[in-house]
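As structure tokens, the structure follows; a few thoughts come after it.
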């Protein structure tokens, strides 16, 4: 299975694993799955921390790679095809970070691990 974690899923997996659904928890822990963390999530975490909307134990520049590696997540950079996919998305979601995660999932054939019900409005598989 090929999965893309939503930003909140990554943060919860680290700090509040009980908030994850049983399916999400099992998927993140599955050694046979390819589980990705997007550069978009790293960007979102850094922005929220710098604005004082997210408290972390260390700066985002250390936190994200350290815990991405601890969870054995693969890096997913933002590529041109994913960026251009945004023009084809319906306007179901206003959050630009979530919209780009959807674009990456569509472009790379990934399911998104997210509790966000708005993501279900897009042509992408959702696991929760």
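The values are calculated or read from the model by the stated rules, or taken from the named source; none is laboratory data. All of these numbers come straight from a predicted model, not from anything done at the bench. Note: ideal-geometry Cβ built from the backbone for every residue, glycine included; neighbour counts use all protein chains shown.
Quick one: residue 12 ticks every box in (1) surrounded by 17 or more Cβ atoms within 10 Å (Cβ to Cβ); (2) part of a strand (DSSP E or B) bar one, so which box is it?
The single condition residue 12 does not satisfy is (2).
Out of the stretch 52-70, which residues are touching a helix residue (DSSP H, G or I) at 6+ places or on another chain (Cβ under 6 Å) and either part of a helix (DSSP H, G or I) or closer than 20 Å to residue 26 by Cβ (or both)?
The answer is 60, 64, 67.
What pairs can you find where one residue is in the stretch 65-87 and closer than 15 Å to residue 7 by Cβ, the other is part of a loop (DSSP other than H, G, I, E, B) and modelled with pLDDT of 95 or more, and their Cβ atoms are less than 9 Å apart, with a gap of 6+ or different chains?
Listed pairs, sorted by first residue: 67/73; 76/110.
Check off (1) exposed (fewer than 14 other Cβ atoms within 10 Å of the Cβ); (2) within 11 Å of the chain's Cα centre (by Cα) for residue 100 and give me the number that stays unchecked.
So the condition that residue 100 fails would be (1).
Taking the stretch 15-38 as the region of interest, how many residues are crowded, with 17+ Cβ neighbours inside 10 Å and assigned to a helix (DSSP H, G or I)?
Counting residues in the stretch 15-38 that are crowded, with 17+ Cβ neighbours inside 10 Å and assigned to a helix (DSSP H, G or I) gives 4.
Output the qualifying pairs, or none if there are none: Cβ atoms under 8 angstrom, residues six or more apart or on different chains, first residue in the stretch 104-128 and on the phi > 0 side of the Ramachandran plot and in contact (Cβ under 8 Å) with a residue 24 or more places away in the chain, second residue part of a strand (DSSP E or B) and surrounded by fewer than 22 Cβ atoms within 10 Å (Cβ to Cβ).
Short answer, once both residue conditions are applied: 109/2.
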